[in-house]
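Presented below is the structure to which this report refers.
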Ligand code: ATP
Ligand code: MG
């Protein structure tokens, strides 16, 4: 127990964490280009927020949340997703008083008590964006285009964008009736979970992952046929914007998304490379959420990308990314005085931004040179009795073997020239 991380969690270190950093940097870059600013909200919130914001009938609220009572008797929940917290912050800090739209992004760990499998963890990570204050289809297109560019910049090719519209509350109500009528005819053939969904939230049946239900659902009447005039126009506008932007998509009436808060546009980027957990990015419009959480009616649109899945897709398509270790200079030493001098020099170099390294294991000179190689040092230098006496040492280029003599006083300046 003590030496094993909890089920559904994972340690990130070494090469892998460097790859995460690289992906996170691309995320920061794309958000900057699109004018989205970072928001960091607490890792836990009042349980009510998710009950309201995510929805009572969702799998998340019904069975997946990490909820506990704190010592003050409050019900607290670890974030199962990012949007509700950001919507809460948007209201709390009166962001609608600023120039709209408000464009925010987050990078967070999220927690869901699910059965762990490939691409499904209990602690996972999301990159998400939210755009508050615009109901125009241009906002939907901007959000989708950001995801599309990010995937492109990460070199991901084999993903497909699926879009759908769930309409507003009116169209939704109408469709629920049409859908229920269809489901009712086949109810016995659906899985037991879907039979429950039929009562509480029939739309979710379209989202069922079992093959039997998917086959039945493919025959169901399409939500797109019950859209009212305005919702239909909105969806058509989005499609023509995406076409204008040269972003390929397919209209897929079975995309409904797992959360209750969506209205109108919903979309997913789906990969075929990582098996059944293929949705890398899911998002859409949620015009009722801010109101639901206690704010003024505010339209909003956003998405979340699961970072674990994103990295799985990248590895499946491109192979593992190897980050070679690197240091500018290794300074080895032999003898007590030389060791002191070496570590002081390492410190001087680090102060001016040169990644220097010394020996901490009292190795032999041979072993120190081996270590310098292992950590990818570009240059190396060994200090001993003689170097201390003459105040001179040899700097070796580990890549081409070239050597040069210099005084220890010159070292910082010479290295600064070299790594410039
Ligand atoms: P799924 O249908 O796969 O359960 P979801 O609809 O629950 O997904 P969202 O709540 O929309 O997913 O979350 C957005 C993204 O976060 C997903 O597309 C996925 O990439 C990622 N994600 C969701 N749950 C997990 C999890 N348990 N482990 C890893 N990634 C996850
Ligand atoms: Mg889920």
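Mind jotting down the distance between the C-alpha centroids of segment 371-420 and segment 87-128, whole Å? First find each Cα centre; the distance between them is then 48 Å. Each Cα pair under 8 Å and six or more residues apart adds its separation to the average, and for the chain the resulting relative contact order is 15 percent.
Diffusion of segment 142-200 by Stokes-Einstein, at 25 °C in a medium of 0.890 mPa s and with Rh set to the Kirkwood radius over alpha-carbon pairs, works out to 166 µm²/s.
Taking the C-alpha atoms only, the angle from helix 14-34 to the longest principal axis of the chain is near 60 degrees.
Spread over its residues, the convex hull of the C-alpha atoms of segment 75-160 is 136 Å³ per residue. Taking the chain as a Gaussian network, where each spring joins two C-alpha atoms under 10 Å apart, which residue of 282, 228, 335 fluctuates the most? Maximum fluctuation in the GNM of the chain, among the listed residues, is at 335.
Compared with the dominant Cα axis of the chain, that is its longest principal axis, helix 365-374 is turned about 30°. So, in Å, what gap is there between the alpha-carbon centers of segment 147-179 and segment 220-274? With segment 147-179 and segment 220-274 each reduced to a Cα centre, they are spaced 4 Å.
What ranking do 182, 175 get, fewest neighbouring Cβ atoms within 10 angstrom at the top? All intermediate terms of the calculation are to be shown ahead of the outcome.
Values: 182 17, 175 21.
So the ranking, lowest neighbour count to highest, is 182, 175.
Multiplying each eigenvalue of the alpha-carbon gyration tensor of segment 327-414 by 5 and taking the square root yields semi-axes of 16, 15, 13 Å, largest first, rounded to whole angstroms.
The long axis of helix 169-186 is offset from the longest Cα principal axis of the chain by roughly 80 degrees.
If you rank 260, 140 by fewest surrounding Cβ atoms within 10 Å, what's the result? Walk me through the numbers on the way to the answer.
Numbers: 260 21, 140 29.
Sorted ascending by nearby Cβ count, the order is 260, 140.
At the listed q of 0.08 Å⁻¹, the Debye profile of the chain, built from one uniform point per Cα, gives log10 I(q)/I(0) equal to -0.58.
When shorter helices are ignored and each DSSP H run of at least 4 residues is given -39500 (n - 2.57), the per-residue value for the chain at 222 nm works out to -12000 deg cm²/dmol.
Each reported figure results from applying straightforward, stated rules to the coordinates on display, with no laboratory input. Keep in mind that what you see is a predicted model, and the values were worked out from it rather than measured. Positions of Cβ are backbone-derived with ideal geometry, glycine not excepted, and every protein chain shown enters the neighbour counts.
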